[in-house]
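The values are calculated or read from the model by the stated rules, or taken from the named source; none is laboratory data. Bear in mind the structure is a predicted one, so any value in this text is a computation, not a measurement. Methodologically, a virtual Cβ is constructed for each residue, glycine included, from the backbone with ideal geometry; neighbour enumeration extends over all protein chains shown.
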Amino acid sequence: MAHLKALVAPKQWKILRKKNKWVARPKPGPHNKQAIPLTLVLKNLLGVAENKRESRYILQKKDVLVDGKIVKDANRAIGLMDVITLQKQKKDYRMTLDNKGRHLLIEISKTEADQKICRATRKVKIKKGQTQITFHDGKVMITKEKIDVGDSALIQLSKNKMTKVLKNTKGAAVLVIGGNHVGEQATIENYQSFKGVQPDKIELKTIKGKTYATLENYVLVLGEKKSAIKIQ
């Protein structure tokens with residue numbers, strides 16, 4: 001089914017839930033179930049289209065890039081840290097989260113548009129001392145860099161190259177991407193390990209000095225002490 005009811009759409013989506021009964025459903029692919037279809041990005045977040053028909057027209061003109069590649073599919077899933085480029089307007093945007101955990105597009109420079117932070121979600125050792133890493137947006141890379149699940153990598157999109165590993169360690173700057181504190185920026189203070197089935201947690205400290213613990217899967221490492229890229 002290409003649509004879903006607006007009232008049950010993910011909370012991260014900025015849509016008029018009572019005005020429209022149905023909204024487009026993102027196609028399976030990169031990102032998780034919170035991903036938003038590209039047509040809603042063009043309509044609701046960027047305001048360059050009034051309906052899906054206009055969105056499709058813009059996409060067929062090859063005017064929209066996602067992570068530096070032309071996209072024509074109006075239902076293509078767009079998620080955290082994706083870079084959206086409008087070639088005709090000569091503008092670039094990064095998908096991030098506001099302080100309520102909702103999708104937020106911020107305008108960025110051309111230099112920033114070639115950079116993206118991706119969270120490592122799977123790690124498999126292969127031949128010749130190399131490691132295959134799967135990232136949160138579906139990217140798969142083979143590297144000899146020391147990177148673990150939960151770490152992030154700074155990716156140069158034009159070369160599809162990992163330029164820096166952002167370690168999940170004390171003092172690192174992070175973005176909370178799940179749970180009650182989604183959308184907040186903080187630094188890692190400590191780690192909590194538990195025996196049995198209880199998941200490990202990370203202790204975080206916000207800019208305002210507030211501390212709390214959240215699941216390790218709920219943080220995206222942004223940099224050593226501050227974010228390596230612009231996210232607000």
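At a glance:
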| item | result |
| --- | --- |
| Restricting region 84-110 to residues that are assigned to a loop (DSSP other than H, G, I, E, B) and polar (S, T, N, Q), the residue that is nearest to ASN160 (Cα to Cα) | SER109 |
| Any hit, region 194-203, residues being closer than 27 Å to LYS27 by Cβ, out of contact with any helix residue (DSSP H, G or I) (no Cβ under 9 Å at 6 or more places or on another chain) and at pLDDT 95 or above | no |
| Unmet criterion (only one of (1) touching a strand residue (DSSP E or B) at 6+ places or on another chain (Cβ under 8 Å); (2) farther than 21 Å from LEU175 by Cβ; (3) not charged (D, E, K, R)) for GLY129 | (1) |
| Test: residue in region 74-83 that is modelled with pLDDT of 90 or more, part of a loop (DSSP other than H, G, I, E, B), over 25 Å from THR111 (Cβ atoms) and among the charged types (D, E, K, R) | no |
| Residue list for region 40-72, filter: in a helix (DSSP H, G or I) and touching a strand residue (DSSP E or B) at 6+ places or on another chain (Cβ under 8 Å) | LEU40, VAL41, LEU42, LEU45, LYS52, ILE58 |
| Residue that is surrounded by the fewest Cβ atoms within 10 Å (Cβ to Cβ) [pool: residues in region 57-99 that are within 15 Å of the chain's Cα centre (by Cα) and of a type in the set (Lys, Arg)] | ARG76 |
| Scan of region 84-128 for residues that are within 18 Å of VAL221 (Cα to Cα), touching a residue at least 60 places away in the same chain (Cβ under 8 Å) and in contact with a Gly (Cβ under 7 Å, 6 or more places away or on another chain), ordered by number | LEU97, ASP98, ASN99, GLY101 |
| So ASP200, is it among the acidic types (Asp, Glu) and loosely packed, with under 14 Cβ neighbours inside 10 Å | yes |
| Subset of region 142-192 (residues that are of a type in the set (Gly, Ala, Ser) and touching a Cys at 6+ places or on another chain (Cβ under 9 Å)) | SER152, ALA153 |
| Any hit, region 157-164, residues being small (Gly, Ala, Ser) and within 16 Å of the chain's Cα centre (by Cα) | no |
| Flag if LYS195 is of a type in the set (D, E, K, R) and either in a loop (DSSP other than H, G, I, E, B) or assigned by TED's automatic domain parsing to the domain that holds LEU80 (or both) | yes |
| Checking ASN190 against (1) touching an Asp or Glu at 6+ places or on another chain (Cβ under 6 Å); (2) surrounded by fewer than 18 Cβ atoms within 10 Å (Cβ to Cβ); (3) in a loop (DSSP other than H, G, I, E, B), the condition it does not meet | (3) |
| Test result for ARG76, within 28 Å of GLY183 (Cα to Cα), touching a Pro at 6+ places or on another chain (Cβ under 8 Å) and not assigned by TED's automatic domain parsing to the domain that holds ASN160 | yes |
